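Since every read-out is calculated from the coordinates, none of them should be taken as a lab result. These numbers were taken from a predicted model, which means no experiment stands behind them. In this analysis, Cβ positions are derived from the backbone assuming ideal geometry, glycine residues included, and neighbour counts consider all displayed protein chains.
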Amino acid sequence: MPLSLPFNFFFALTLKRIISILANSGFLALGIWLSWLFLQKPETAEAFAKMKEAETWPLWFIVAASLGVYILRALRWQQLLAASGEKVGLSLSFSAVAVGYLVSFGLPRFGEVVRCYILKKKQNIGLAMTFGTVVAERAVDILMLLLMLLLSLLLQMNKVLSFFTDNIVHPLTQNLSTLKVCLLLTAILLAVFALYWGYHKFKNSQLISSFASGLATVFRLEKPWLFVAYTASIWLGYYLMTWLWFFLFPATAQLGLLAGLTIFTIGTVGRSVPIQGGGMGAYHFLVGQALVLYGCSPVYGASLAMLIHGGQTIFTFLAGLPALAWVVWRK
């Protein structure tokens, strides 16, 4: 093999790919560090023992809610694709969604690209247009998350503000140095420059046109009320996927619907951090601390945080691996 090949390969890597590799490596290290800190807490060892006391009957309802969310997301995506003139079967859209969740568990956000690629391979649907529909979905879901945060803040302002102040604002401000601020600002400026450069380079291309067409599907829906119903049901399912876990322990079963809303919202923020493993470490810390805020002992808080994250992880693999096998072997 010519000696020049390794060098050619290295120089073939784009700046975007190098930054992506460094970012993923950094977030992976962060997730491992946060998980290690969580496991070092004195209550964590006791929390593992407490898991043996958990009830099992809520698990059936949790699985039903999780499966319902997958189906509803597949149906909602079908509707957006139909608005672009593409007809996709429920089995294919469901499998693509399930595989997307699976891939995103290891490579955050990359699962969205993979599910678009699946449609490209199976039905030759344009990647740019399909990705536009995914971005449209994500924009709607971000608005829903902001709505959940606002609702939590309005209904339980003191608790929510106390949580974010004690667990996020104070730790950040106490450990924030001038160097970190400069690095953060530099990263933001680089991201803005990359977006500006990409826009001006490709703004007249067919790629951007197809992407914009996919993004605009949310405004061309034949039944917009159905899209709203799907979205509301999806987020109700997400909520149930947190609240139903409370019934595993008598100590957490008394937590009300409002506590479920706040803990669900905080957990969603934790999962939104682009750390591999479904926000590992960040999710455990935030949910565990939120449960303590509602009067749970740190032991039960840690136990429930591990069970929720672990249960959702198991379901991601149980749904994603068969879907991946189906996609690979389906002709």
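Things to note:
- Couplings 3J(HN,Hα) for segment 311-319, derived from phi with the Karplus relation 6.51 cos²θ - 1.76 cosθ + 1.60 (θ = phi - 60°), are x, 5, 5, 4, 5, 4, 6, 5, 8 Hz, where x marks Gly and Pro.
- For segment 229-295, Kirkwood radius (reciprocal of mean inverse C-alpha pair distance, Å): 12.4 Å
- Of the GluC sites (Glu not before Pro) found in segment 73-162, no site is in coil according to DSSP while having at most 11 other Cβ atoms within 10 Å of its Cβ.
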